[in-house]
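Here is the structure we will look at.
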Amino acid sequence: AAGIIDAMAKRIEMLNGQPALSLSDTPVDIFTAYSVAEYTYRVLKDNALTAIADNRRHEASKALNDVAFMNVPVTGVVANTTKSFKQSELAHVIYDGVRTIFTAEGQQSIHGEIVGVGLFCQLYFNDQQGEEEELRQFMRAMDMPLTFADLGIAPTDKNLDAIEEYIVNSRHYNSDAPADRQRLHEAVHEMV
């Protein structure tokens with residue numbers, strides 16, 4: 001489940017601050033990777049729950065094979081097409097921040113779980129709040145953590161401010177506009 005969410009994150013993260021991409025104003029390599037990421041997202045969303053159930057029954061099904069293929073080589077294509085830039089944004093910065101700032105608190109959580117919680121921040125920052133509930137339901141069906149508290153991190157103002165500062169000081173956030181900073185502040189609170 002964590003690997004599925006990590007692979008699905010590419011579609012959401014590549015938008016980083018905007019609700020959509022178009023070929024006319026996006027470099028062709030990034031738009032190609034985004035198109036593959038969209039396809040990957042759909043295939044994983046449609047097959048994940050079946051694949052997880054099949055895996056638990058030790059059944060090597062088509063759904064399980066399809067999910068494994070999308071998670072590893074196809075997601076690798078997305079990363080390689082972008083030269084590992086633009087396919088990991090805020091949700092992955094949040095992962096790095098949890099590992100750096102909240103090392104003890106987040107130690108029981110694995111990569112894709114932390115990235116998954118970070119996707120709620122990324123969706124809000126992208127102005128895609130309408131997708132948050134569907135993602136929550138999907139992740140809940142896979143028994144994934146949904147909040148900072150689920151990761152073992154108290155959702156205090158101090159902790160949320162620390163992760164916000166970590167994002168602002170990363171290469172993934174490059175705006176001085178007060179409106180963007182306010183949107184980021186609100187987005188961080190989507191992980192509560």
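Remarks
- Met144 vs. criteria part of a loop (DSSP other than H, G, I, E, B) and of a type in the set (A, V, I, L, M, F, W, C): yes
- Any hit, the range 19-31, residues being touching a residue at least 40 places away in the same chain (Cβ under 8 Å), open to solvent by less than 70 Å² (accessible area, probe 1.4 Å) and under 14 Å from the mean Cα position of the chain (by Cα): no
Here's the yes/no breakdown for (1) in contact with a helix residue (DSSP H, G or I) (Cβ under 8 Å, 6 or more places away or on another chain); (2) under 15 Å from Ala7 (Cβ atoms); (3) of a type in the set (S, T, N, Q):
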position	(1), (2), (3)
Pro27	no, no, no
Val36	yes, yes, no
Val43	yes, yes, no
Arg56	no, no, no
Phe69	no, yes, no
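- Any hit, the range 173-188, residues being at pLDDT 95 or above, not aromatic (Phe, Trp, Tyr) and not in a helix (DSSP H, G or I): no
- Answer residue from the range 32-51, given it is open to solvent by 30 Å² or more (accessible area, probe 1.4 Å) and in contact (Cβ under 8 Å) with a residue 60 or more places away in the chain and is farthest from Glu13 (Cα to Cα) among those: Leu49
- Residue match in the range 159-168 (condition: out of contact with any Phe, Trp or Tyr (no Cβ under 9 Å at 6 or more places or on another chain), over 22 Å from Leu21 (Cβ atoms) and not in a helix (DSSP H, G or I)): no
- Between Phe148, Phe125, the distinction of being under 21 Å from Ala1 (Cβ atoms), out of contact with any Asp or Glu (no Cβ under 8 Å at 6 or more places or on another chain) and crowded, with 20+ Cβ neighbours inside 10 Å belongs to Phe148 only.
- Enumerated helices (runs of 4 or more DSSP H) restricted to the range 42-141, each holding at least 1 residues that are of a type in the set (Asp, Glu) and at pLDDT 95 or above: 62-69, 90-101, 111-125, 132-141
- Residue match in the range 98-110 (condition: exposed (fewer than 15 other Cβ atoms within 10 Å of the Cβ), of a type in the set (Val, Ile, Thr) and either free of Cβ contacts under 8 Å to residues at least 60 places away in the same chain or touching a Leu at 6+ places or on another chain (Cβ under 7 Å) (or both)): yes
- Conditions (1) surrounded by 12 or more Cβ atoms within 10 Å (Cβ to Cβ); (2) touching a residue at least 12 places away in the same chain (Cβ under 8 Å): number failed by Glu165: (2)
- Filter result (farther than 13 Å from Gln18 by Cα, touching a residue at least 40 places away in the same chain (Cβ under 8 Å) and basic (Lys, Arg)) within the range 169-190: none
The values are calculated or read from the model by the stated rules, or taken from the named source; none is laboratory data. Predicted model only: the values in this text are computed from it and were never measured. Note that each Cβ is placed from the backbone with ideal geometry, even for glycine, and that neighbours are counted across all protein chains shown. Heavy atoms of the whole protein, side chains included, go into the accessibility calculation; ligands, DNA and RNA do not. Shrake-Rupley method; radii C 1.70, N 1.55, O 1.52, S 1.80 Å.
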